[in-house]
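Q: Got a structure for you, questions after.
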Amino acid sequence: PNNTVATNDDLDNVKSKAAAKKPTKKVKATFVTLARNEDLYDLLGSIQSVEDRFNHKFNYDWVFLNDVQFSEEFIKETTKSVSGKTKYGVIPYDHWSTPIWINRKQAEEARMDMKKKDIIYGDSVSYRYMCRYESGFFYRHPLMDEYDYYWRVEPSVKFYCDVDYDVFQFMQDNDYEYGFTVALREYIETIPTLWDTTKKFLKEHPKYLAKDNSLEFISDDNGETYNLCHFWSNFEVAKLDFLRGKAYRSYFDALDKSGGFFYERWGDAPVHSIAAALFLNKDKLHFFDDIGYFHGPFTNCPLKEDVRIKGRCSCDPKEDFTFNPASCINQYYKFKGLKKPDELAVYGF
Ligand code: GDP
Ligand code: MN
């Protein structure tokens, strides 16, 4: 203690004091979850995972949205589990219903037809409301107004590795607008006319196509057809201005008017993904290869040894979907010119 020679501890102290002095303003960001009251306990598992692996250090807020009032139990249980502020919003009727321009008979026939074909959620009205809401409305909820970035979380997901850095700060510092962990192919039966509707929109609004876009990621024939690759939207870390912007807004309105959320079963994942690929320059996209993540039935389990050690990952790398032939991350790496992890030689296909 009375030693005049500075120890490593002292030096560390000086450094951390200097770091503390640097004015760092916390990014305006929130987690966001759309959920039913009955999703509560599956959601608490997701919250625990997010908090233990990331948010206990950063205490970001969490916005919960629902088409009906949240129960007192839901509010009490989630409030005690989130380290940041929690906010609860009800969705306005117009954002969670069948718009007047939809032909109800045609929509019902489409649902019956999809049920016969055994298409997942093919006969569900509420699933369609959910997909339409996540596509076009969640970011317009007044509770989202004060934020610049969001991280979407669903019930029953898991985070497998510690995330020691501030993910939102990282998005902001790198000027990223859309971050993802899993990419795969959509069932064509759910979106037969989505690409044609998109092409029509682009023809009418060519100015929205970003110069340095990612068309190559979503089309193998220069835009003639959609290769069905999309980012899995149950995990998203993104900038709200991307969705609030004119390009996305008018794209969503065109899709919504066409009726495909009801006459087909368009998912919010291909809608967000096509928009991110077309309206953003490719350097705005970020693949989080270090965020171990599970949403049934797929896992992003980091293969890189240094990531696994630093993050204390608890997943089995043999179960990683990232470089499976069915995963679109392969296409993504190719088009971005990224180098796949060396560990693929051990765990790969
Ligand atoms: P999947 O991941 O495509 O199988 O769909 P999920 O059942 O996980 O639903 C996606 C998200 O929307 C989840 O966060 C659900 O909690 C939420 N969700 C789905 N349907 C409804 C609904 O009818 N009402 C509300 N409030 N949330 C819903
Ligand atoms: Mn889900």
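Q: Can you compute the FRET efficiency between His56 and Lys199 using 1/(1 + (r/R0)^6), with r the Cβ-Cβ distance and R0 = 51 Å? Round to the nearest 0.05.
A: Efficiency for this residue pair is about 0.65.
Q: Determine the per residue accessible area of the chain with all protein chains present and a 1.4 angstrom probe, expressed in square angstrom.
A: Ligands and nucleic acids excluded, the figure is 50 Å² per residue.
Q: Report relative contact order for the stretch 297-347 in percent, whole number only (criteria: Cα-Cα under 8 Å, sequence separation at least 6).
A: Computed value for the stretch 297-347: 39 percent relative contact order.
Q: Normalise the Debye intensity by I(0) for the stretch 50-162, one equal point scatterer per Cα, no solvent, then take log10 at q = 0.12, 0.13, 0.16, 0.22 Å⁻¹ and round to two decimals.
A: Rounded to two decimals, the profile gives -0.58, -0.67, -0.90, -1.28.
Q: Over all alpha-carbon pairs in the stretch 99-154, figure out the percentage whose distance exceeds 12 Å.
A: Cα-Cα pairs of the stretch 99-154 separated by over 12 Å account for 74 percent.
Q: Round to the nearest 0.05 the FRET efficiency obtained for Asp94 and Val68 when R0 = 25 Å and r is the Cβ-Cβ distance.
A: Efficiency for this residue pair is about 0.95.
Q: In whole Hz and in residue order, list the ³J(HN,Hα) couplings for the stretch 294-300 that follow from phi through the Karplus curve 6.51 cos²θ - 1.76 cosθ + 1.60, θ = phi - 60°; x for Gly and Pro.
A: Listing the rounded values in order: 9, 9, x, x, 10, 10, 9 Hz.
Q: Next up: Given H placed on each backbone N at 1.01 Å, which residues far from Glu236 in sequence or on other chains put an amide H within less than 5 Å of it?
A: Placed amide hydrogens put Arg152 under 5 Å from Glu236.
Q: How far apart, in nm, are two points set 7 Å out from the Cα along the Cα-to-Cβ line at Arg104 and at Arg249?
A: 3.1
Q: Students often forget the sequence filter, so: which aspartates and glutamates lie under 12 Å Cα-Cα from Lys284 once same-chain residues fewer than 8 apart are removed?
A: Result set, ordered by chain and number: Asp173, Asp175, Glu177, Asp212.
Q: Given 4 °C and 1.567 mPa s, how large is the Stokes-Einstein diffusion coefficient of the stretch 29-287 in µm²/s, with Rh as the Kirkwood radius over Cα pairs?
A: Here the translational diffusion coefficient equals 68 µm²/s.
Q: Here's a follow-up. Before rounding to the nearest 500, sum -39500 (n - 2.57) across all DSSP H runs of length at least 4 in the chain and divide by the residue total; then give [θ] at 222 nm in deg cm²/dmol.
A: Rounded to the nearest 500, it is -11000 deg cm²/dmol.
Q: Next question. How long are the three semi-axes of the equivalent ellipsoid for the stretch 297-347, computed from the Cα gyration tensor as the root of 5 times each eigenvalue, in whole Å, largest first?
A: The three semi-axes for the stretch 297-347 are 19, 13, 9 Å.
Q: Ignoring ligands, DNA and RNA, what percent of the 1.4 Å accessible area of the chain is carbon and sulfur?
A: Whole-percent figure for carbon plus sulfur exposure: 51.
Q: For a 23 Å ceiling on Cα separation, which of these pairs sit above it: Lys211/Lys340; Lys105/Lys203; Lys211/Lys334?
A: As for pairs spanning more than 23 Å Cα to Cα, those are Lys211/Lys340; Lys105/Lys203.
Q: Now a separate question. Of all beta bridges DSSP finds with both residues in the stretch 29-287, what is the antiparallel percent, to the nearest 5?
A: 35
Q: Please list, in order along the stretch 110-119, the HN-Hα scalar couplings obtained from phi with the Karplus expression 6.51 cos²θ - 1.76 cosθ + 1.60 (θ = phi - 60°), rounded to whole Hz, x for Gly and Pro.
A: Taking θ as phi minus 60°, the curve returns 4, 5, 5, 5, 5, 5, 4, 7, 6, 7 Hz for the stretch 110-119.
Q: A follow-up question, please. Quick one: 3J(HN,Hα) in Hz for the stretch 164-175, Karplus 6.51/-1.76/1.60 with θ = phi - 60°, rounded, Gly and Pro as x.
A: Karplus values, whole Hz, x for Gly and Pro: 8, 9, 7, 4, 6, 4, 4, 4, 5, 4, 9, 6.
Q: Moving on. Find how many whole Å separate the alpha carbon centroid of the stretch 35-100 from the alpha carbon centroid of the stretch 307-349.
A: 31
Q: Setting aside same-chain residues fewer than 8 positions from Lys310, which aspartates and glutamates have a Cα under 14 Å from its Cα?
A: Hits, sequence-local ones excluded: Asp162, Asp164, Asp289, Asp290.
Q: In debye, nearest 20: dipole of the stretch 297-347 around its Cα centre with unit charges on the Cβ of K, R (+) and D, E (-)?
A: Roughly 220 debye, rounded to the nearest 20.
Q: Under the rule of at least 5 residues apart or a separate chain, name every residue whose amide H is placed under 5 Å from the amide H of Gly89.
A: Counting only residues 5 or more places away or on other chains, the set is Phe64, Leu65, Asn66.
Q: Let me ask something else about it. Stokes-Einstein D for the stretch 80-221 at 20 °C, 1.002 mPa s, Kirkwood Rh over Cα pairs, in µm²/s?
A: Roughly 112 µm²/s, to the nearest whole number.
The values are calculated or read from the model by the stated rules, or taken from the named source; none is laboratory data. A quick note: this is a predicted structure, and the numbers were derived from the prediction, not measured. As a convention, Cβ positions derive from the backbone with ideal geometry for all residues, glycine included, and neighbour counts pool all protein chains shown. Heavy atoms of the whole protein, side chains included, go into the accessibility calculation; ligands, DNA and RNA do not. Shrake-Rupley method; radii C 1.70, N 1.55, O 1.52, S 1.80 Å.
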